Structures are given as C-alpha cells and as structure tokens.
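Below: one structure, written as structure tokens.
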Amino acid sequence: MSTHDDPPGGAGGYPDDRTVQNAPAGARSGRQQAVSAQTTQIRTGGAGSYDSVDADYTDADPGVYDDRRGLDFYDDVDRGARWHGGADLGLLVLRLALGVIFGLHGAQKLFGVLGGPGTEGFAESLTTMGFEQTAILSLVTGAAELGGGALLVLGLFTPLGAAGLAGVMGPAIALNAQSGFFASDGGVEFEVLLLCAAVALMFTGPGRVSLDNGRAWYRRPLVSGFLALLLAAGSAAAVFFLLR
C-alpha cells in the first residue's frame, strides 16, 4: 500500500481515470453516467450540495431576533454601570449620618440642649473669635446646621442643604487651621471631613431614596452642584471676611 498519492498516469490522468478508460464500454458508460448525475446534482443544489449547507447557516428564523430589535444592549450595560441600588443605599447612609451630626450641633446652638451653649453662649464664643453681629450670626449658624441637617435627612433640596452646611464649615476650618490637621492635636480633621461630605452630596445628589427624586436639580446634579458650591463659598467668604 502506498503512503503517498499516486502520480498521474502516462496519459495525463489519475488511476481512477485509467480504471474508467480500461473498463468495458458498458461499465464505463454507467460509471460516467453516475459521475455526471452526481455533478449535476451538486450544481443544481440537490441534497448534500454546498448550497443547501450554506442555506442551513444563512436562512435564520427572523422571529429569533425580532424580540431583541429596538433594545440597545450596550445602553443597558452602561446604565447598570452608572447607577445601581448600592449607590442609593450608600448615599442614604451618608445623608443620614451627615444630617444627624449637623442637626444635633444646630440644636445645641439654638436651644442649648445636649449640653450645648444656646444662642447666647454661642454668640459669646463668636465674639471671642473676633466676629461682629454675633447675635444674628449665632442664630444663622444654628439654623443653617439644624435646617441643613434636616434637609439632608429628608433628601429634600439637597444641594441647598449641603451648601448651608459647607458654608458653616468654611469659616470653622479657616479659624482652626493654625492648630494643624489632626483632631488629636485640636486640628481641623473632623471639619474637613464634614466639608468634603457636604460637597460630595452637592454633586452626587441624594439618591433615589429621597424627596428630591425626579426634581429638576436631581436630574441635573452637575449644574445644581456647581451652583450650590458657589453659594457655599460666597456665604463662607462673606462671614469670614465681612463679619470679622
């Protein structure tokens, strides 16, 4: 048995061709008819032809894809990547923590509860810090902390509430900056943390678990965030430079 292809015969054909040529006339005619019929069958798209195989791959059932038409798969993936339920829960926790902290400090300043100084005691502290109009400033500061904290807890007018809290923290950081950064040394570590959290909420918004859900500033957090940041910076600068 040969392990390689047989070379063409002397007449230019292959062994099968010589077999057909050397066969009797009747056998040769039958063999040629069979080959001719098979060739015709392939050319005309009969059973087992390449055309029928191609049809198996190309003739797709339109109904398989109709249900997917009009659905932008990548948009759905991007939407899931941009926002999810975990973000809502995280923002809710941040809002509640920040709102409660500021609300309690505001109650101390306004009503003297929880060991707070009240409006008169806080006004005296402001006087020692070099501020003017301390009676009004004491009320405004306490109201900003209590009101801003309540707005954050509710998730209502969140950029405005966060701006009020950031405006309070600005002068506090400026006054205590000489004490250093770390809270253990009397520095501004805690105040900076509160300020950053308030600014973050200006731009992220309150999340969907809020009363702001669906409002104009909720749908445009970048615009409302920048406006709130300008308001906070302006109020902090006015208090620190005009009332001191």
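Of the helices (runs of 4 or more DSSP H) lying entirely inside the range 150-244, those containing at least 2 residues that are out of contact with any Pro (no Cβ under 9 Å at 6 or more places or on another chain) and among the small types (Gly, Ala, Ser) are 158-176, 189-204, 221-242. Restricting attention to the range 120-134, the residues that are within 11 Å of Leu110 (Cα to Cα) and hydrophobic (A, V, I, L, M, F, W, C) total 2. Pairs meeting the criteria (first residue in the range 224-244 and under 13 Å from Ala172 (Cβ atoms), second residue crowded, with 16+ Cβ neighbours inside 10 Å and of a type in the set (Phe, Trp, Tyr), beta carbons under 6 Å, at least 6 apart or on different chains) are Arg244/Phe131.
Every listed requirement among (1) under 21 Å from Gly147 (Cβ atoms); (2) surrounded by 16 or more Cβ atoms within 10 Å (Cβ to Cβ); (3) not aliphatic (A, V, I, L, M) is met by Arg208 save one, (1). Can you tell which of Glu132, Glu120 is closer than 24 Å to Phe240 by Cα, of a type in the set (Asp, Glu) and not in a helix (DSSP H, G or I)? After applying the criteria, what remains is Glu132. Taking residues in the range 167-184 that are hydroxyl-bearing (Ser, Thr, Tyr), and partners anywhere that are modelled with pLDDT under 95 and surrounded by fewer than 17 Cβ atoms within 10 Å (Cβ to Cβ), the pairs with Cβ atoms closer than 7 Å and at least 6 places apart or on different chains are Ser179/Asp185; Ser179/Gly186.
The values are calculated or read from the model by the stated rules, or taken from the named source; none is laboratory data. Keep in mind that what you see is a predicted model, and the values were worked out from it rather than measured. Positions of Cβ are backbone-derived with ideal geometry, glycine not excepted, and every protein chain shown enters the neighbour counts.
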